[in-house]
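Input: a single structure, listed below in structure tokens.
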Amino acid sequence: MIDLEPKMAALAATAPFGVSIAVCHIERATWACHEADQLLPLASTYKVAMAVTALQMVARGELALDQQIEILPIDYVSPGVISDWLTTPRTQLPLQTVMQLMLAHSDNSATDILFRVIGGAPMVAETLAALSVSPFDVSRSTYALIQDYFDSEDLNGLLAAGKTMAQALDLVEHDPVYGPAWQSLLEAHLLDAAWQQRFAADYRDKGTARAMTDLLVKVARGQALPPDMTKLLWAMMARCQTGDHRLRAGLPPNIWIANKTGTLNPHCGAINDAGLIRLPDGRGHIAISVFCAINDHDLSAQEQMIAAVARLTFNHFCDAE
């Protein structure tokens with residue numbers, strides 16, 4: 001829909017940060033984009049690719065939705081339900097529950113459990129390559145991504161001493177011994193142009209809004225998963241608990257959406273949301289990804305922009321003949 005793109009550009013121009021948008025109407029096979037090929041941190045939207053990989057393995061009989069997966073010490077990463085509540089040694093969860101926690105709650109521990117079970121980055125890369133979804137890189141667990149992103153001596157020291165990532169993050173953020181140094185580190189990164197350039201040059205765990213939407217389109221069209229696995233993926237994403245102020249906030253309350261947020265802040269990160277929206281009155285479905293760059297502690301402006309893009313896109317397709 002070419003006439004939607006100028007509206008996207010005008011909306012994005014009101015923001016003091018970069019906005020990358022890719023929208024596709026599934027049934028019409030029409031795209032509308034704005035700066036959709038910028039390489040940005042995928043943040044937790046990369047968990048959709050992990051879920052697709054896992055469900056493909058279930059469909060092939062290599063994994064089972066009801067198989068019990070043990071939570072290992074390396075898996076405990078904050079924030080999340082698992083690191084907060086399921087801390088008894090040798091706790092096990094069904095694979096489907098792990099996936100639900102990863103997608104609905106963006107639980108980082110669940111993510112790293114699934115990443116380990118499916119065979120890590122090589123298996124996700126194989127899935128994406130087979131679908132010709134690019135650029136979309138999934139290289140690291142959330143444990144490794146967090147460690148590299150913050151680049152903190154205190155955090156690394158606690159991890160080397162045997163603390164889980166959940167324990168180490170809690171200490172550096174809240175303990176009076178580590179807290180002041182942690183806050184100083186975050187402030188320094190916000191102003192450190194050299195650090196930001198190094199991070200920007202790192203291709204790992206980055207992708208584009210166009211590639212993210214392309215993945216959603218291929219799932220919606222049945223190119224990625226068999227029908228039962230596709231239905232399950234959308235059902236899990238429809239229970240998203242982390243996106244009330246993003247895409248969902250721009251839609252009427254009765255509109256169905258299955259989405260996955262991504263949050264990597266406060267420096268050199270991105271505030272993202274991506275999902276599938278069912279339009280009313282048989283108008284079809286739209287796959288949408290909105291990535292907003294951030295270099296600040298406050299993500300509210302980015303969330304408001306994502307909601308505004310959703311509202312603009314929804315109204316456009318509802319008004320179109």
On a straight-distance basis, which aspartates and glutamates could pair with Lys47 in a cross-link, Cα separation under 14 angstrom, same-chain partners fewer than 8 positions away excluded? Asp107, Asp112, Asp137, Asp205, Asp273
Please provide three numbers in whole Å: the alpha-carbon extents of the stretch 251-321 along the principal axes, with the largest listed first. 42, 18, 18
Excluding His189 itself, what net charge comes from residues whose Cβ is under 12 Å from its Cβ, given Lys and Arg +1 and Asp and Glu -1? -3
Give me, ordered by chain and number, the residues 5 or more places off Asp107 or on other chains with an amide H under 5 Å from its own placed amide H. Met102
Along the three principal axes, how long is the chain when you take its alpha carbons, biggest first, rounded to the nearest angstrom? 62, 49, 34
Just the accessible area per residue of the chain, please: how many Å² with a 1.4 Å probe? 42
What's the carbon and sulfur percent of the stretch 180-257's accessible surface, probe 1.4 angstrom, rounded to a whole number? 55
Whole-percent carbon and sulfur share, accessible surface of the stretch 25-169, 1.4 Å: 53
What's the center-to-center distance, using Cα atoms, between the stretch 202-227 and the stretch 239-266 in Å? 18
Let me have the 222 nm mean residue ellipticity of the chain computed from DSSP H runs of 4+ only, each contributing -39500 (n - 2.57), with the sum over all residues rounded to the nearest 500. -14000 deg cm²/dmol
Net charge near Met236 (other residues with Cβ under 14 Å of its Cβ; Lys, Arg +1; Asp, Glu -1) is +2
Compute the signed sum of charges (Lys and Arg +1, Asp and Glu -1) over the other residues within less than 14 Å, Cβ to Cβ, of Tyr178. -4
Rounded to whole Å, √(5λ) for the Cα gyration tensor eigenvalues of the stretch 141-210, largest first, gives 24, 16, 10
Quick check: the distance between the Cα centres of the stretch 152-196 and the stretch 46-112, to the nearest angstrom? 26
Here, the stretch 1-137 modelled as identical Cα point scatterers in vacuum has Debye log10 I(q)/I(0) at q = 0.12, 0.20 Å⁻¹ of -0.62, -1.13
Read phi for every residue in the stretch 266-272 and hand back ³J(HN,Hα) as whole Hz from Karplus 6.51 cos²θ - 1.76 cosθ + 1.60, θ = phi - 60°, with x for Gly and Pro. x, 10, 6, x, 8, 10, 10
Over the heavy atoms of Thr30, what accessible area does a 1.4 Å probe trace out, to the nearest 10 Å²? 40
What list of ³J(HN,Hα) couplings, whole Hz, do you get for the stretch 115-132 from phi and the Karplus terms 6.51, -1.76, 1.60, once you set θ to phi - 60° and write x for glycine and proline? 4, 5, 5, 7, x, x, 4, x, 5, 5, 4, 5, 4, 5, 5, 5, 8, 6
Tyr178 accessible area, 1.4 Å probe, all protein chains in place, Å² to nearest 10: 60
With a 1.4 Å probe and all protein chains kept in place, how do Glu303, Glu173 rank by accessible area, largest first? Glu173, Glu303
Work out from phi, with θ = phi - 60° and the Karplus expression 6.51 cos²θ - 1.76 cosθ + 1.60, the ³J(HN,Hα) of each residue of the stretch 307-316, listed in order in whole Hz, and give x for Gly and Pro. 4, 5, 5, 4, 5, 4, 5, 4, 5, 4
For Ile69, enumerate residues with amide H under 5 Å from its amide H, sequence gap 5+ or separate chain, H modeled in the peptide plane. Leu93, Leu95
Which of the lysines could be linked to Lys7 by a straight reach, that is with a Cα gap under 29 Å, when you skip same-chain ones fewer than 8 residues away? Lys206, Lys218, Lys260
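The values are calculated or read from the model by the stated rules, or taken from the named source; none is laboratory data. All values derive from a computational prediction rather than experimental measurement. Backbone-built Cβ (ideal geometry, glycine too); neighbour counts: all protein chains shown. These accessible areas exclude ligands, DNA and RNA; they are computed on the full protein's heavy atoms, side chains included. Shrake-Rupley method; radii C 1.70, N 1.55, O 1.52, S 1.80 Å.
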